[in-house]
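Step one of this worksheet: look at the structure below.
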Amino acid sequence: MDPLERVMRVMTHVNIGAALGMVAWLAWSGAQVVTGQIVPAPIAAPPEAPPASTAGHCRCEPRWPV
């Protein structure tokens, strides 16, 4: 078997192993979240709307004449 074929075969096995490892890690970490061992970080509160008074200037108006 020539070296290029050997490298391609090794990379195929490495990629399959990496994919299996990632699936196992996702399943393990998901199980920890579902069972409550890990609590996800709270989501930040939504930003507040800007004040209604914009000193008589509507943001919808064009700034330059068309």
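The values are calculated or read from the model by the stated rules, or taken from the named source; none is laboratory data. What you see is a predicted model; the values in this text were computed from it and never measured. Only protein heavy atoms, including side chains, enter the accessible area calculation; ligands, DNA and RNA are left aside. Shrake-Rupley method; radii C 1.70, N 1.55, O 1.52, S 1.80 Å.
Descriptive notes on the structure:
- Residue-by-residue Karplus 3J(HN,Hα) for the range 34-41, coefficients 6.51, -1.76, 1.60, Hz, glycine and proline x: 5, 7, x, 5, 10, 9, x, 5
- Applying 0.36 nm per residue to the separation of Gln37 and Glu5 and subtracting their alpha-carbon distance, the gain on full extension is 7.0 nm.
- Rolling a 1.4 Å probe across the protein heavy atoms gives the range 3-49 an accessible surface of 93 Å² per residue.
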